[in-house]
């Protein structure tokens, strides 16, 4: 972890940079994969799965028997926890349903907006170093609530066997089209369609850099995506009321996601700045994913700043996926947040609560995209169509104004389309 003591604003741009990677090389590899799957369909998908994931597929579609057997392999405590998470996520996302509200902008002119579900969606569920069944909850639940007719799931596996908890979660959500495919080749299959995997209209889900680049590239070809969601990250603001053991635990919880994850601590307290590294080293001995954590911590930073204003200026410039405000004054400080995917307030709101069970969605913008993107919500699974209906009286009241504006733009046919309806009267 790199430490900075009151760094000058001139180097803040360097501080907020994410870990470097060879984007050109990754892009070239992904383009080759997309081209291969686009041209050769299932043959390319199966070949790439064997090459990249290390197993030779027979049938990549999970069977009904596999779904049934999976439930027997999942412990009752985990099933209970998943059901609680499901209920909370459903409750939070169902409240996002937009009611149709007809607005009479003028007498005889009525306008409204209607949410209509995206008909087919593809959900990418990471499964490299950890199979994230929680992500399936976060994406599958709003897809169901929105009314998407077709929900396709792709997730990488290493041995040809999907983790039972993933299949149990899929079954709980009523998802039947679950494919053993991952990486950029799975994104290509959902974007273009193969004999096995149907083409979808929008692709959701986080992934590694190859998956992220693949989503961005197919998006340019007309396939919608949720957002560019890459390696996970967390930023923490901690003042002198923060508990250093909590802060270290929160940093470690995000660092264990993967080797290219990043964590950042911004603090106004010298004791935390001086002591957090020792606390991290103490706690890391208790954890399993040491290789991922140690690699991630090399990408990470701890910054001591003089005051809250500077701290939140830096954090907003960083625009983290997750932001924890570890302070007794977290409610008031939350008003300073401009750029963040999801915010966790106080000493008892760990980021892991949002990852699993509180109800908010954990599919969030990374790599600074929180400046312009929101996290996944029910809105991502619908498009909103506007409607309008004018009575003869309503159109007549604005007909002259339509003509005036249309003719000012040199669009005589636009003016005529309105005035023709009243020519006999005139």
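What the table below lists for this structure:
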quantity	calculated
One residue from 293, 272 being farther than 21 Å from residue 347 by Cβ and crowded, with 21+ Cβ neighbours inside 10 Å	293
So residue 275, is it assigned by TED's automatic domain parsing to the domain that holds residue 317, assigned to a loop (DSSP other than H, G, I, E, B) and out of contact with any strand residue (DSSP E or B) (no Cβ under 6 Å at 6 or more places or on another chain)	no
Close pairs from region 324-335: first in contact (Cβ under 8 Å) with a residue 24 or more places away in the chain and not assigned by TED's automatic domain parsing to the domain that holds residue 242, partner outside any loop (DSSP other than H, G, I, E, B) and surrounded by fewer than 19 Cβ atoms within 10 Å (Cβ to Cβ), Cβ under 6 Å, at least 6 apart	none
Exclusive hit being in contact (Cβ under 8 Å) with a residue 60 or more places away in the chain and either closer than 30 Å to residue 279 by Cβ or assigned by TED's automatic domain parsing to the domain that holds residue 215 (or both), set 11, 60	60
Filtered residue count, region 153-165, keeping only those that are surrounded by fewer than 24 Cβ atoms within 10 Å (Cβ to Cβ), without any contact (Cβ under 8 Å) to a residue 60 or more places away in the chain and under 18 Å from residue 137 (Cβ atoms)	1
Within region 97-204, helices (runs of 4 or more DSSP H) holding 2 or more residues that are under 24 Å from residue 44 (Cβ atoms)	183-192
Residues of region 205-224 classified as crowded, with 23+ Cβ neighbours inside 10 Å and either in contact with a strand residue (DSSP E or B) (Cβ under 8 Å, 6 or more places away or on another chain) or part of a strand (DSSP E or B) (or both), total	5
Residue list for region 225-251, filter: crowded, with 19+ Cβ neighbours inside 10 Å and over 20 Å from residue 344 (Cβ atoms)	225, 226, 230
Flag if residue 266 is free of Cβ contacts under 8 Å to residues at least 60 places away in the same chain and assigned to a strand (DSSP E or B)	yes
Residue list for region 1-28, restricted to those being buried (at least 16 other Cβ atoms within 10 Å of the Cβ) and assigned to a helix (DSSP H, G or I)	12, 15, 26, 27
The one condition in (1) over 29 Å from residue 43 (Cα atoms); (2) modelled with pLDDT under 95; (3) over 15 Å from the mean Cα position of the chain (by Cα) that residue 231 fails to fulfil	(3)
Residue that is within 30 Å of residue 352 (Cα to Cα) and surrounded by 15 or more Cβ atoms within 10 Å (Cβ to Cβ), where the choices are 81, 70, 44	70
Residue count for region 33-86, restricted to those that are closer than 24 Å to residue 210 by Cβ and either out of contact with any helix residue (DSSP H, G or I) (no Cβ under 9 Å at 6 or more places or on another chain) or assigned to a helix (DSSP H, G or I) (or both)	23
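Let's see how each residue does on (1) assigned by TED's automatic domain parsing to the domain that holds residue 205; (2) under 43 Å from the mean Cα position of the chain (by Cα); (3) exposed (fewer than 11 other Cβ atoms within 10 Å of the Cβ):
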position: 372; (1), (2), (3): no, yes, yes
position: 379; (1), (2), (3): no, yes, no
position: 383; (1), (2), (3): no, yes, no
position: 399; (1), (2), (3): no, no, no
position: 402; (1), (2), (3): no, yes, no
position: 409; (1), (2), (3): no, yes, yes
position: 413; (1), (2), (3): no, no, yes
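The values are calculated or read from the model by the stated rules, or taken from the named source; none is laboratory data. Predicted, not measured: the structure shown is a model, and the values here were computed from it. Quick reminder, even Gly has a Cβ in these numbers, built from the backbone with ideal geometry, and neighbours come from all protein chains shown.
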